[in-house]
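Engineer: Pasting a structure below so you can have a look.
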Amino acid sequence: VQLVESGGGLVQAGGSLRLSCAASRSISYGMAWFRQAPGKQRELVAGITSGDYTNYGDSVKGRFTISRDVAKNTVYLQMNSLKPEDAGVYYCNAVVGGRPIYSWGKGTQVTVSS
């Protein structure tokens with residue numbers, strides 16, 4: 001499975017972005033968005049199960065929303081009220097037991113100016 005992330009960019013603090021993750025084929029597993037800031041480990045930001053149950057990291061709760069369009073093999077991350085600490089490269093992956101199972105894509109860069 002190939003995963004292609006898009007939608008990143010430069011935004012001012014308080015702004016919004018919508019990220020997309022297109023998979024090369026349908027995925028029956030849960031999906032998640034991860035981010036990696038410079039010098040930091042990759043962290044899970046948000047996840048969605050095959051049954052559309054969602055979970056979020058504490059730092060993004062109430063600001064980010066993950067969703068999926070099964071027909072389009074695409075997962076989205078709506079990011080509102082962005083903060084400088086949200087900056088980083090965002091990746092998506094299928095997850096089993098919270099662990100990513102496919103090779104990582106190139107990610108999409110998010111930069112938030114203060």
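The values are calculated or read from the model by the stated rules, or taken from the named source; none is laboratory data. Predicted model, so just to flag it, every value in this text is computed and none were measured. Methodologically, a virtual Cβ is constructed for each residue, glycine included, from the backbone with ideal geometry; neighbour enumeration extends over all protein chains shown. These accessible areas exclude ligands, DNA and RNA; they are computed on the full protein's heavy atoms, side chains included. Shrake-Rupley method; radii C 1.70, N 1.55, O 1.52, S 1.80 Å.
Engineer: Cα extents of the chain along the three principal axes, largest first, in whole Å?
Structural biologist: 39, 25, 24
Engineer: Ignoring ligands, DNA and RNA, how do 54, 65 rank by accessible area with a 1.4 Å probe, largest first?
Structural biologist: 65, 54
Engineer: A follow-up question, please. At a 1.4 Å probe radius, which order do 81, 28 fall into by accessible area, largest first?
Structural biologist: From most exposed to least exposed: 28, 81.
Engineer: In the range 1-74, which trypsin sites (Lys or Arg not before Pro) fall in coil by DSSP and have 15 or fewer other Cβ atoms within 10 Å?
Structural biologist: Those satisfying the criteria are 25, 40, 61, 63.
Engineer: Can you pull out the chymotrypsin sites (Phe, Trp or Tyr not before Pro) in the range 1-87 that DSSP calls coil and that have at most 11 other Cβ atoms within 10 Å?
Structural biologist: Filter output for the range 1-87: 53.
Engineer: Hey, another quick one. If you wrap a convex hull around the C-alpha atoms of the range 66-114 and split its volume per residue, what is the figure in Å³?
Structural biologist: About 104 Å³ per residue, rounded to a whole number.
Engineer: Let me ask another. Got the relative contact order for the chain handy, in percent, Cα pairs under 8 Å and 6 or more residues apart?
Structural biologist: Dividing the mean separation by the residue count of the chain yields 37 percent.
Engineer: For the chain, what is the accessible area per residue in Å² when the probe is 1.4 Å?
Structural biologist: 54 Å²
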